[in-house]
Amino acid sequence: MKVLLKKDFDLIGTAGDIKEVKDGYARNYLIPQGIATMASPSSIKSFEEVRRQQGRKILRETNDAKIIASRIETDLVTIKVKTAEEGKIYGSVTPTMIHDVLVQKGYNIDKKKISIPEHIKSLGEFVVDIKLYTDVIAKLKVNVEDEEAVIEEAKSEEPATEEPKAE
């Protein structure tokens, strides 16, 4: 019996292949498991149409991911953390912290897609990988700053305004 494979199957072949298998194997295992269908002209034609649609969808999603990647690579994320006296931070910067800042900037990215190559445990600028789609990885610049230094700078920039006393 000739069957059209719907999925990759190690023992027989890859999805889209037409293979000759024994009748019992096809009827009792391959077809009920959804691995294959009987190879008829109509099933082959419908499978090719589904494959074309999937190809267009993948192309569209890849292009969208590349556009988002170019936006992310030009962006800079600043994370404010508490630090010890030597400039080392308490704990480390996590993908969740980066995700929260990205959501505030309007990006809709799953935090599981954020990959930090090495633990960020000090102040400075680091590069983080974000896997947006298969073969589309964006490099995000993350700037880690001291939370208290930012507050002190804001206070020192405020002009000291004194109201004149009425006599």
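Below are the figures for this structure:
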{"item": "Among the candidates 35, 116, 31, residue that is in contact with a strand residue (DSSP E or B) (Cβ under 6 Å, 6 or more places away or on another chain) and in the same structural domain as residue 7 (by TED's automatic domain parsing)", "result": "35"}
{"item": "From the options 27, 52, 71, residue that is out of contact with any helix residue (DSSP H, G or I) (no Cβ under 8 Å at 6 or more places or on another chain), at negative phi, in a helix (DSSP H, G or I) and surrounded by fewer than 11 Cβ atoms within 10 Å (Cβ to Cβ)", "result": "52"}
{"item": "Identity of the residue in the stretch 130-149, farther than 30 Å from residue 64 by Cα and under 30 Å from the mean Cα position of the chain (by Cα), that ends up modelled with the lowest pLDDT", "result": "147"}
{"item": "Where a residue in the stretch 6-18 is touching a residue at least 40 places away in the same chain (Cβ under 8 Å) and its partner, wherever it lies, is loosely packed, with under 14 Cβ neighbours inside 10 Å and among the small types (Gly, Ala, Ser), with Cβ under 9 Å and at least six apart", "result": "6/34"}
{"item": "Pairs, first under 12 Å from residue 63 (Cβ atoms) in the stretch 127-138, second among the small types (Gly, Ala, Ser) and surrounded by 14 or more Cβ atoms within 10 Å (Cβ to Cβ), C-beta under 8 Å, six or more apart", "result": "132/65; 132/69; 132/138; 133/65; 136/65; 136/69"}
{"item": "Top-ranked residue of the stretch 106-118 - restricted to ones that are surrounded by 11 or more Cβ atoms within 10 Å (Cβ to Cβ) and more than 11 Å from residue 142 (Cβ to Cβ), ranked as nearest to the chain's Cα centre (by Cα)", "result": "113"}
{"item": "Filtered residue count, the stretch 1-24, keeping only those that are aliphatic (A, V, I, L, M) and not in a loop (DSSP other than H, G, I, E, B)", "result": "4"}
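The values are calculated or read from the model by the stated rules, or taken from the named source; none is laboratory data. Keep in mind it's a predicted model, so treat the numbers as computed, not measured. Positions of Cβ are backbone-derived with ideal geometry, glycine not excepted, and every protein chain shown enters the neighbour counts.
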